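Trainee: Provided herewith is a single structure, encoded as structure tokens, for subsequent inquiry.
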């Protein structure tokens, strides 16, 4: 029996104990990684995410009334409320789920009451988007449970609205899209402007993806994120004077940005150049995947990190240290920081036969440099949100 099946059975047992009935449905909502295309989403650009085998599992059953009762198995907490009076909970975690119900009802759908037990193995604070896994898993489960007839894309948009409007986090659509649309051994090239997407193969018997978690999150994050967005918008305003059709940085080229460098104040040029280069990197990297050239793909990962470190300036000492540790290691094809920056994880493409030695070496070096225990997570690319059979 797999760990996934064993844990699903454990959640089903908790469900029986809490609610004195069998769950009607088991659902898995995966977390996600993003291989390339960082900070391009809000510029309308391309991203390259995938859903992974770190996931949240949901055990659900309908109720005959308008109540919802939810148990968070990982933290041993329960929330109950009525669907007729939905308001934010001070517990925090229920809001990702309540937001989904709230958005369903605002869209004219009528899910009934339900009982829910959920839990999972997505590491907290590692940037693997447990929030999207929560939102998409519940949306998928309620859609099945009450035959609501939502399409996959409708559930993606609903999950994003739940996080934007109910939770109050102004996330883009990538996380929910990756969690729902993931495909085993494939990455998704998602156009964040049109939502057009294509799958590219990402499979290798010889290499694995490993996340190394710095264990830090510097407080610069929110203010720096807002500043980066403003700098990109400033650049768009300047470029529009010459090409009025430009609405987002994805509409511009690196050559155009270079041509108007002198007109860009402060750090605007560096930000715009990074974004336009990164969008092209995603396109080129996808071509390498079609050619099954993981070594060339890995070089693009290093290029992305260099751009995030020096042009977009969202890295930090700990992330740079971890990436630098891999540069002279022949067993590593590529490494870069992943996510918003200023902490979180690096993503590493490592030869399968030396993964234990890689993790041990990185852990020892990181502990010696920062006196912080390095947590590492091998991840496998999986299908997106789905019914789980045990």
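The values are calculated or read from the model by the stated rules, or taken from the named source; none is laboratory data. Just so you know, these numbers come straight off a predicted model, no measurement behind them. So basically every Cβ, Gly included, is an ideal-geometry build from the backbone, and we count neighbours across all protein chains shown.
Trainee: I need the full set of residues from segment 344-383 which are farther than 22 Å from residue 186 by Cβ and in contact with a helix residue (DSSP H, G or I) (Cβ under 7 Å, 6 or more places away or on another chain), in order please.
Mentor: Once the filter is applied, which keeps residues that are farther than 22 Å from residue 186 by Cβ and in contact with a helix residue (DSSP H, G or I) (Cβ under 7 Å, 6 or more places away or on another chain), segment 344-383 yields 346, 362, 365, 366, 369, 370, 372, 373, 374, 376.
Trainee: Another one. Mind checking whether some residue in segment 331-338 is over 20 Å from the mean Cα position of the chain (by Cα) and free of Cβ contacts under 8 Å to residues at least 60 places away in the same chain?
Mentor: The answer is yes; a qualifying residue exists.
Trainee: Among the residues of segment 125-134, how many are touching a helix residue (DSSP H, G or I) at 6+ places or on another chain (Cβ under 7 Å) and more than 14 Å from residue 181 (Cα to Cα)?
Mentor: 3
Trainee: Further, regarding this structure: Out of (1) in contact with a helix residue (DSSP H, G or I) (Cβ under 7 Å, 6 or more places away or on another chain); (2) closer than 21 Å to residue 191 by Cα; (3) assigned to a helix (DSSP H, G or I), what's the single condition that is false for residue 282?
Mentor: Only one criterion in (1) in contact with a helix residue (DSSP H, G or I) (Cβ under 7 Å, 6 or more places away or on another chain); (2) closer than 21 Å to residue 191 by Cα; (3) assigned to a helix (DSSP H, G or I) is unmet by residue 282, namely (1).
Trainee: Restricting the search to segment 326-345, which residues are crowded, with 20+ Cβ neighbours inside 10 Å and within 19 Å of residue 296 (Cα to Cα)?
Mentor: Listed by number, the residues that qualify are 326, 332, 333, 334, 335, 336, 337, 338.
Trainee: Could I ask something else about it? Quick check on segment 356-373. Is at least one of its residues closer than 25 Å to residue 171 by Cα and assigned to a loop (DSSP other than H, G, I, E, B)? Give the derivation first.
Mentor: Filtering segment 356-373 for residues closer than 25 Å to residue 171 by Cα gives none.
Checked against the condition, which is being closer than 25 Å to residue 171 by Cα and assigned to a loop (DSSP other than H, G, I, E, B), segment 356-373 yields no hits at all.
Trainee: Going through 190, 158, 165 one at a time, which residue ends up being crowded, with 16+ Cβ neighbours inside 10 Å, within 18 Å of residue 101 (Cα to Cα) and either in contact (Cβ under 8 Å) with a residue 12 or more places away in the chain or more than 15 Å from the chain's Cα centre (by Cα) (or both)?
Mentor: 158
Trainee: Sticking with this structure for a sec: Enumerate the strands (runs of 3 or more DSSP E) found wholly within segment 1-114, keeping only those where 3 or more residues are free of Cβ contacts under 8 Å to residues at least 24 places away in the same chain and either surrounded by fewer than 22 Cβ atoms within 10 Å (Cβ to Cβ) or out of contact with any helix residue (DSSP H, G or I) (no Cβ under 6 Å at 6 or more places or on another chain) (or both). Don't jump to the end; show me each part of the working.
Mentor: Details: elements: 25-34, 49-62, 67-72, 77-82.
It comes to 77-82.
Trainee: Next up: So which of 217, 144 ends up being more than 25 Å from residue 88 (Cβ to Cβ) and out of contact with any helix residue (DSSP H, G or I) (no Cβ under 9 Å at 6 or more places or on another chain)? Steps first, please.
Mentor: On the way: 217 fails: more than 25 Å from residue 88 (Cβ to Cβ).
Only one candidate passes the filter, namely 144.
Trainee: If you don't mind, there's one more thing I want to ask. Just give me the residues in segment 364-374 being surrounded by 16 or more Cβ atoms within 10 Å (Cβ to Cβ) and either under 24 Å from the mean Cα position of the chain (by Cα) or at pLDDT below 95 (or both), in sequence order.
Mentor: 374
Trainee: Answer with yes or no whether residue 235 is without any contact (Cβ under 8 Å) to a residue 60 or more places away in the chain and crowded, with 21+ Cβ neighbours inside 10 Å. It would help to see each step written out before you state the result.
Mentor: Working: without any contact (Cβ under 8 Å) to a residue 60 or more places away in the chain: yes; crowded, with 21+ Cβ neighbours inside 10 Å: yes.
Yes: the conditions hold for residue 235.
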